[in-house]
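What follows is one structure encoded as structure tokens, with my remarks underneath.
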Amino acid sequence: MATTTAAMLRGRVPSPGSTRRAHLREWRLESLWVWPAVATIAAWVGGALAVRHLGSFTFHQGVFPTDLNDARTLLGTIAAALLTFTGVVFSITLVALQMASTQYSPRVLRTFVRKPITKLALSTFIATFVYAMTLLASVGTSRVHTVPQGAVGLAFLLVIASALVFVVFVHSTVRSMRVSYVIRSVFDEAMRSFDRTHVEASAYREAPAPSFQPDPPQIAFDHRDAVLDGIDAHTLVELARGSGCVLRACVPVGTYVTRGSELFEVHGGAPPGSASVIATVDCSAVRTLYQDPSYGVRQLVDIACRALSPAINDPTTALQVLDRLHAILRAVARRPDPTGVYLDTAGEVRLVVPVAGWNSLVDLAFTEIALFGSGSPQISRKLVSVYDDLAALVPSERQAAIEHQRSWLFAEVSQRHRLPVELVLTPDPRGLG
């Protein structure tokens, strides 16, 4: 017999194409090869056009070589130097970042890959090399009897541009290895994700709750094992509407799914085609934030836990993380929890996805930090200050999660400290200053 979960549910109508655009943006940010590949093609085409159209362009005598042998030597030097330079710069940079990641978290390396200056530097260096090689191949033929000074001058400009980009790249990379910059980068990305998922109450509409069957048909995941990074809610709603059913996801976004595991339940109506449903999910080897804001909190907590480990023992870094976690929770404290319910244009529930609410978010943000940091007065005092501020901000129905964390912290501190409990648990927004 079918069972009814509730009289009404709050849901929202998904925007068409928003998930695909977010997925493409995520793919573009994570791909380090796209812009260098475009720059390589542009440099090759530009070199061929420069020889053809800038051959008659000349500079003042002595500015650029007029002898073919000198021009070939110059272009060969530029090409060889840029290729070696690019390899050395990025090899040393990756080693430095790898060493930095052992102190913070291996997952923060993605912030380096996603930075625009990283792609700009690699693209500029590769473009200069390819342009010089293309020009060298043209100048080295027997058909060329004069030096195309305009084309050689453009090579000089690319070298100067490479030097300027290198300075900016070094500055940005050195800054990105500072823990405060890493924390801020993760925080900014997490906040953008929370803004997309934790929308205002006005975005929701009430709809009659569907009947969920006790043993519904299921759609299994038939790809290789991967992390569920996102779902195309709009397309799934349209598929469910066309079949007259309700789709309910078996796992939340961010879950590692294995081949053959249950992915969706089908309630009522006819099950849509499995291939069409599976095509709406975005899977990859790692978690991302564009539909999974909890992963941003997870990264921040990882940085704090590593800083609180006996091998590093850096509570000040954990304090900086708590500042950002505090800001995230303040930002979503008065927003309604995402329901994970999606409606079609007629207002019927068509898709239900499990999502994390306020209680899960509070547990994720504070439990491990309190566990590893309860022995540090700086962390315990900061935590009490954060709890006090959030308790004064959130509505009454969300107080229980904060009070649970507070009571658990008090119990941990009383067991681990010989210092007076009043000293260790005095609220202080700066820990111990």
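Every number in this text was worked out from the coordinates using simple rules, so none of it is lab data. Everything numeric in this text was worked out from a predicted model, so none of it was measured. Methodologically, a virtual Cβ is constructed for each residue, glycine included, from the backbone with ideal geometry; neighbour enumeration extends over all protein chains shown.
Exposure proxy for K115, K382: other Cβ atoms within 10 Å of each Cβ, ordered fewest to most, give K115, K382. Compared with the dominant principal axis of the Cα atoms in the chain, helix 149-176 is inclined by about 30°.
In terms of surrounding Cβ atoms within a 10 Å radius of their Cβ, V139, V113, V186 rank from fewest to most as V113, V139, V186. Spatially, region 69-111 and region 222-261 are offset by 40 Å when compared through their Cα centroids. Computed over the chain, relative contact order equals 19 percent, with contacts defined as Cα pairs under 8 Å that lie 6+ residues apart. The angle separating the long axis of helix 358-373 from the principal Cα axis of greatest extent in the chain is about 80 degrees. Label zone of A203 (point 7 Å out along Cα→Cβ, amide N under 17 Å): in region 13-54 this covers 13-23.
Projecting the Cα atoms of T280, L32, V199 onto the dipole axis of the chain, where Lys and Arg carry +1 and Asp and Glu carry -1 at the beta carbon, places L32 farthest toward the positive end.
Farthest toward the positive end of the dipole of region 31-177, out of S176, V130, A79, is the Cα of S176, where the dipole comes from beta carbon charges about the Cα centre.
A full extension of the chain between H171 and F212 corresponds to an added length of 9.1 nm, given 0.36 nm per residue minus the alpha carbon distance.
Close amide H pairs (under 5 Å, H built 1.01 Å from N) link F264 with I219, C250, residues at least 5 positions away or on another chain. Residues whose amide H comes within less than 5 Å of that of R205, counting only those at least five positions distant or on another chain, are G11, R12 (H built at 1.01 Å from N in the peptide plane).
Given a Förster distance of 51 Å, report the FRET efficiency between F410 and A275 from their Cβ-Cβ distance, rounded to the nearest 0.05.
Values: r = 54 Å, r/R0 = 1.06.
The pair F410/A275 has a calculated efficiency of 0.40.
Length gained on full extension, A42 to L24, computed as 0.36 nm times the residue gap minus the Cα-Cα distance: 4.2 nm. By the beta-carbon count within 10 Å of each Cβ, the least crowded to most crowded order of R330, R178, R306, fewest first, is R178, R330, R306. Note on the chain: helix-only mean residue ellipticity at 222 nm, from DSSP H runs of 4+ residues weighted -39500 (n - 2.57) and normalised by residue number, equals -19000 deg cm²/dmol. Expressed in units of 2.2 N^0.38 Å, where N is the residue count, the Cα radius of gyration of the chain is 1.29.
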